[in-house]
Structure formats: structure tokens, C-alpha cells
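Novice: Sending over a structure as C-alpha cells; questions will come in a sec.
The values are calculated or read from the model by the stated rules, or taken from the named source; none is laboratory data. Remember, it's a predicted structure, so these values are computed and weren't measured experimentally. With ideal geometry, Cβ positions are generated from the backbone for all residues, glycine too; neighbour counts draw on all protein chains shown.
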Amino acid sequence: MPKKRSDDTRPQRRDPAATRKKLLTAARREFASSGLAGARVDDIAARAGVNKQLVYHYFGDKDALYLAVLEWVYEEIRAQERKLNLEGLPPEQAIKKLIESSFDHLAAHPDFIVLLNDENRGGARHVRGSRTLEAVHSPLVSLVSTILSEGVKAGIFRKGINPVHLYISIAGLSYFYFSNTPTLSAIFGKDLSSRAARQARRRHVVDLVMHSLRP
């Protein structure tokens, strides 16, 4: 009578989704640590605990994997913004929530800043070639435009505010703070990475933007 195969000798089923996720997670850490130029496929595969040939199987090459990571980190922000459910909120409350969310997301995801700095050094050639990134940003700009229009009708926002420039300003006020915390801390002799400093900066950014919108 043939012996039953024990659990530890059963052939493992392939799980493409799990493998792809492992590779993306490993690549995100490697690219954030070493940049596109310094990252090695061997190291990414080792971090993921898989054969490096699977990188080429699932993504094609290192550049395609890098783009997949960029699309992932951008989609995280958009997903967070969708969770805010800004549609239907009073205009002031909607913009305030958007500002706070932008600040909090950067505080929680420092690797996003590192990855974007690296992509900007390369002239944004990966982002320029992504249709996915253009698609995820379009609905947000439309929503901000609608919120601004509602605020103008209600008499609480001034006319003529460009939604793209507003979003860039919101992102920039937080992005610069986090990307330059070490040098700013050294220049001003303050630990701007402390919880108290971050909360003070968060309040300042909200106050500054909201005042800029008023008539």
C-alpha cells in the first residue's frame, strides 16, 4: 500500500499574485535605499526570497519594475484621498481634510519622497511613460475644481484659483518640509523631526492654505 505523502513533501502551488507582491515590496525598499542606478536585481530577488528570473518573468526588466513601484506609491496617495470622501463635504472642510491627508501621508511614507527625488533626478522618464499615473490624477484635479467652485458660490473662497496650482502648493508645502528636515533642523538649530515640530508645521500648512483661499 503506497504511503501517504506528508504535508512537508507536497509540491507547493505557485501564487503569482503573492510572488509579484513580494518582488514589489522588496524593490520598493531597494530603490528607496539605493536609487534606480544603484539597485541590483540580484539584491531585490534576495530580499523577496525568490529566483531573480522571476523579476524578468513578471516585470520584464529593472526599469519596468521601478515604474511599477512608482505607480504603486502614487496609487497609495490616491487611495488615501479617495477614503476621505470629500464629495458632498462643505468646501472648507473638504480642502482642510485634503491638506491634512497630504501632510500625514508624507509623514507616514518617507520612502515616497526618496523615490520621487530619484525619479526627478532622472527627468521623470518613467512617470512620463505611464498612462496609469495620468489616469489616477485626473479625477482628483476635477474634484478639487468642483470644491473650489462650490466655495466661490458660497462666498467663502475667492475666484480664480487654479486647482492644479492649489494641489501643487498643498503638496509642496509638506513635501519640502519632509525632504529637507535634516538640513532645516541643522540650519535653524531645532529638531524638526520631533512630534511637536511636525504638529506645529501641520497646523501652519493648513492655516496658510486656508487663508489663501478666502476672499
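Novice: If a residue must be within 21 Å of P110 (Cα to Cα) and surrounded by 18 or more Cβ atoms within 10 Å (Cβ to Cβ), how many such residues does the stretch 27-45 contain?
Specialist: Count: 8.
Novice: Here's something else I'd like to know. Among the residues of the stretch 93-102, is any within 18 Å of A27 (Cβ to Cβ), within 12 Å of the chain's Cα centre (by Cα) and in the same structural domain as A197 (by TED's automatic domain parsing)?
Specialist: Of all residues in the stretch 93-102, those within 18 Å of A27 (Cβ to Cβ) come to none.
No: the stretch 93-102 contains no residue that is within 18 Å of A27 (Cβ to Cβ), within 12 Å of the chain's Cα centre (by Cα) and in the same structural domain as A197 (by TED's automatic domain parsing).
Novice: Next up: Out of all the residues in the stretch 86-93, is one or more modelled with pLDDT of 95 or more, of a type in the set (D, E, K, R) and surrounded by 15 or more Cβ atoms within 10 Å (Cβ to Cβ)?
Specialist: There is at least one residue in the stretch 86-93 that is modelled with pLDDT of 95 or more, of a type in the set (D, E, K, R) and surrounded by 15 or more Cβ atoms within 10 Å (Cβ to Cβ).
Novice: Please go through (1) free of Cβ contacts under 8 Å to residues at least 24 places away in the same chain; (2) closer than 21 Å to A135 by Cα for E81 and return the number of the only condition it doesn't satisfy.
Specialist: For E81, the failing item is (1).
Novice: Within the stretch 57-100, work out how many residues are under 28 Å from A45 (Cα atoms) and assigned to a loop (DSSP other than H, G, I, E, B).
Specialist: 2
Novice: Go through (1) modelled with pLDDT of 95 or more; (2) buried (at least 17 other Cβ atoms within 10 Å of the Cβ); (3) within 11 Å of the chain's Cα centre (by Cα) and name the single condition Y74 misses.
Specialist: Tallying (1) modelled with pLDDT of 95 or more; (2) buried (at least 17 other Cβ atoms within 10 Å of the Cβ); (3) within 11 Å of the chain's Cα centre (by Cα), Y74 fails exactly one: (1).
Novice: If you don't mind, there's one more thing I want to ask. Has the stretch 120-129 got any residue that is modelled with pLDDT under 95, part of a helix (DSSP H, G or I), within 27 Å of A37 (Cα to Cα) and hydrophobic (A, V, I, L, M, F, W, C)?
Specialist: yes
Novice: Any idea which of (1) surrounded by 16 or more Cβ atoms within 10 Å (Cβ to Cβ); (2) more than 17 Å from F176 (Cβ to Cβ); (3) of a type in the set (S, T, Y) is the one T146 doesn't satisfy?
Specialist: Result: T146 fails condition (1) only.
Novice: Can you find even one residue in the stretch 187-196 that is of a type outside the set (G, A, S) and within 22 Å of E87 (Cβ to Cβ)? Even if it seems obvious, please write down each step before you answer.
Specialist: Going through the stretch 187-196, the residues of a type outside the set (G, A, S) turn out to be 187-188, 190-192, 195.
Narrowing further to those that are within 22 Å of E87 (Cβ to Cβ): none.
No, because not a single residue in the stretch 187-196 is of a type outside the set (G, A, S) and within 22 Å of E87 (Cβ to Cβ).
Novice: Related question: Which of the residues belonging to the stretch 46-58 are surrounded by fewer than 21 Cβ atoms within 10 Å (Cβ to Cβ) and of a type outside the set (S, T, Y)?
Specialist: Our first condition is that a residue be surrounded by fewer than 21 Cβ atoms within 10 Å (Cβ to Cβ); within the stretch 46-58, this holds for 46-47, 49-54, 56-58.
Residues satisfying the conditions are A46, R47, G49, V50, N51, K52, Q53, L54, H57.
Novice: Mind checking whether some residue in the stretch 1-19 is modelled with pLDDT of 95 or more and either of a type in the set (G, A, S) or over 28 Å from R131 (Cβ atoms) (or both)? Reasoning before the result, please.
Specialist: Filtering the stretch 1-19 for residues modelled with pLDDT of 95 or more gives none.
Scanning the stretch 1-19 turns up no residue that is modelled with pLDDT of 95 or more and either of a type in the set (G, A, S) or over 28 Å from R131 (Cβ atoms) (or both).
Novice: Now a separate question. State which residue is surrounded by the fewest Cβ atoms within 10 Å (Cβ to Cβ) when the search covers only the stretch 149-181 and only residues that are of a type in the set (S, T, N, Q) and under 14 Å from L116 (Cβ atoms). Talk me through it step by step, then tell me what you get.
Specialist: Looking only at the stretch 149-181, we keep the residues that are of a type in the set (S, T, N, Q), and these are 149, 162, 169, 174, 179-181.
Now drop any that are not under 14 Å from L116 (Cβ atoms), which leaves 174, 179-180.
Values: S174: 23, S179: 17, N180: 13.
Per the stated criteria, the residue is N180.
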